[in-house]
């Protein structure tokens, strides 16, 4: 547990540089931020939509030129308000927060579901030069919701990008976990990175354990303070905002009564994952 | 096992204190509002060395709290307006049960209410579920009709404390707000009504405005300041209270290291609570502070932490 400098990471405002529509429900927002530009894959930031809300978002990209981006799925009032924002409008940023994925060498498998693909794309960019093989399994409900397919294909190559859709409109029909068993039987991977719906990640981690492969998963919870104080995001003995959001297989095992099972609502009550 | 796990230096008698009948292996406690929903989180705080823990404030019915932003990071501490989120006492009793069976340190449940009756009902349920004491939150600065609105009015405060004391048979702590004209008078009222200990202080009413948008940052606009900035205020409050009441005082506000803690003890506190520093230093902050207090006592030749409580009042 490292010390934290509260004063070093105060809210600052910046303007939206660009907005890109990625799918019918997802938009990417890019802005300049001197601090977040040093973010590592897996870290998140708190995004202030003035007068509306402040929400946690995974960092999709941080470039040398100072631009930082996040992918935002329209799921509620706050994300709807953010989707209505245009280039030039003011937003606020705190962060980056949390730990990051560990960059590893060797044969890498990434499993991303929905907007969980965002931090993995960032990771894939950083891992590409280290990996001897990089296979990316991406899952979505339907073809139109498959995110960042072109960029991923550029990084992994067409052969190592495995797409799944629940309705079968593209790639393999099923969930992101559908092709995993056969992939893991065919190839000996050194590490699996996953981010997406928690039930999916639970399944991925069970498979990783069965095949004896190291795993890191990035979790999402209700966040308020983002600095490890309020307790809104706890999973087992861990605080997702400070001890995570990236957890190893053994940490997830310690928290198995909650990982993929339950979360805390706004009142702090434990409720089943939706 | 009464002592902090795996810490030999913390298990000596020099650090142990008695707080209104509760035995603490060392005088550091987790302040209310920090983590404190879940037993597993509290367990980690105890592993980090806390001599006792105080839960989040709990009320009669569930509360979702305010929309984000609920926190502002500043140069000198944090401003928060969480809005007392909690699952309500009927849900929380499960957590109290579990915590009581798991933790090897005193468990204090923080209680708030929107009426005298609510305070009493929640306190009673918390005690029945296994709480070793309750701490009445009459000092939260950012929720209307409870918290500091109770604590700022000596008449209502008296009613609340008396009513709670009438229905419970374990210690009742009262956590006070610095946002009053005379905290010593408030403390006197609480003690006269039966308070077994006084916790001082809760956060200092505060605000932050974003210059670009000209908007208050917190969704509730006003919140409470915690952290190093409020320590001198808290020290003064503890010092004044010590001169007016006989019950133990729990010092709270901006403690991040042993020297801060010792300062509170010298001002008159029997124990200290730590909150914001859990972010600044991590959950082991309790161990670090307690070890520091111990080293200070040893160096100065004191046999017990009790010998320095209120020592600054000699001069």
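Read the figures in this text as sums done on the coordinates, not as results from a lab. Everything numeric here is computed off the predicted structure, so don't read it as measured data. No Cβ is skipped: glycine too gets one built from the backbone with ideal geometry, and neighbour counts run over all protein chains shown.
Helix A:198-210 and the long axis of chain A differ in direction by around 40°, with both axes built from C-alpha atoms. Cα-based radius of gyration for chain A, normalised by 2.2 N^0.38 Å, reads 0.96.
Considering only beta bridges that DSSP places wholly inside region A:106-272, some 25 percent are antiparallel. Sequence-distant contacts, meaning Cα pairs under 8 Å at least 6 residues apart, place the relative contact order of chain B at 19 percent. Between region B:128-166 and region B:43-86, what is the separation of their alpha carbon centroids in Å? The two parts, judged by their Cα centres, are 17 Å apart.
For a paramagnetic label modelled on residue B:212 (point 7 Å from Cα along Cα→Cβ), amide N atoms under 16 Å away are absent within region A:203-231. Our analysis of region B:85-223 gives Rg over Rh at 1.03, with the two radii drawn from alpha carbon positions and Rh computed by the Kirkwood formula.
Could you work out [θ]222 nm for chain B from helices alone, using -39500 (n - 2.57) per DSSP H run of at least four and dividing by all its residues? Round to the nearest 500 deg cm²/dmol. Write out the running numbers ahead of the final one.
Details: 10 runs with 110 residues, N = 315.
Here the helix-only value at 222 nm equals -10500 deg cm²/dmol.
Kirkwood's formula applied to the C-alpha pairs of region A:84-173 gives a hydrodynamic radius of 14.5 angstrom.
Sorted largest first, the principal axis extents computed over the alpha-carbon atoms of region B:39-131 equal 40, 35, 18 Å.
Give the relative contact order (percent, whole number) for region A:27-120; include only Cα pairs under 8 Å separated by 6+ residues.
On the way: 158 pairs, mean separation 33.9, N = 94.
About 36 percent, as a whole number.
Take the Cα radius of gyration of the protein assembly as shown and divide it by 2.2 N^0.38 Å, N being the number of residues; the result is 1.02.
For region B:8-314, the normalised intensity computed at q = 0.06 Å⁻¹ comes to -0.17 (log10 of I(q)/I(0), Debye sum over alpha carbons, equal scatterers, no solvent). Over all pairs of different C-alpha atoms in region B:200-299, the reciprocal of the mean inverse distance, the Kirkwood hydrodynamic radius, equals 14.6 Å. Here the calculated FRET efficiency for residue B:155 and residue B:244, from their Cβ-Cβ distance with R0 = 25 Å, stands at 0.85, rounded to the nearest 0.05.
Tell me what chain A gives for mean residue ellipticity at 222 nm when only DSSP H runs of n ≥ 4 count, each as -39,500 (n - 2.57), the sum divided by the residue total, rounded to 500 deg cm²/dmol.
Working: 6 runs with 52 residues, N = 274.
Roughly -5500 deg cm²/dmol at 222 nm, from the helical runs in chain A.
Computed from Cα positions, the angle between helix A:117-127 and the longest principal axis of chain A comes to roughly 70 degrees.
With the simple model of a label 7 Å out from the Cα in the direction of the Cβ, residue B:61 to residue A:210 spans 4.7 nm. Once the C-beta distance of residue A:248 and residue B:304 is scaled by a Förster radius of 51 Å, the resulting FRET efficiency is 0.70 to the nearest 0.05.
Antiparallel versus total DSSP beta bridges in the protein assembly as shown: what percent is that, nearest 5? Intermediate values should be presented prior to the final figure.
On the way: 53 of 104 bridges.
So the antiparallel bridges amount to about 50 percent of the total.
If you average the alpha carbon positions of region A:60-87 and of region A:190-207, how far apart do those two centres end up, in angstrom? Centre-to-centre (Cα) distance: 25 Å. Placing a pseudo-label 7 Å from each Cα along the Cα-to-Cβ vector at residue A:32 and residue A:182 gives an inter-label distance of 5.0 nm. Would you list the P(r) distribution for region A:83-135, with all Cα-Cα distances sorted into 10 Å bins from 0 and each bin expressed as a whole %? Reading the bins upward from 0: 19, 37, 27, 15, 2. Binning the alpha carbon pair distances of region A:9-97 at 10 angstrom intervals from zero yields the distribution 18, 58, 23, 0, expressed in whole percent. Modelled spin-label separation between residue A:142 and residue B:311, with each label point placed 7 Å from Cα along the Cα-to-Cβ direction: 7.3 nm.
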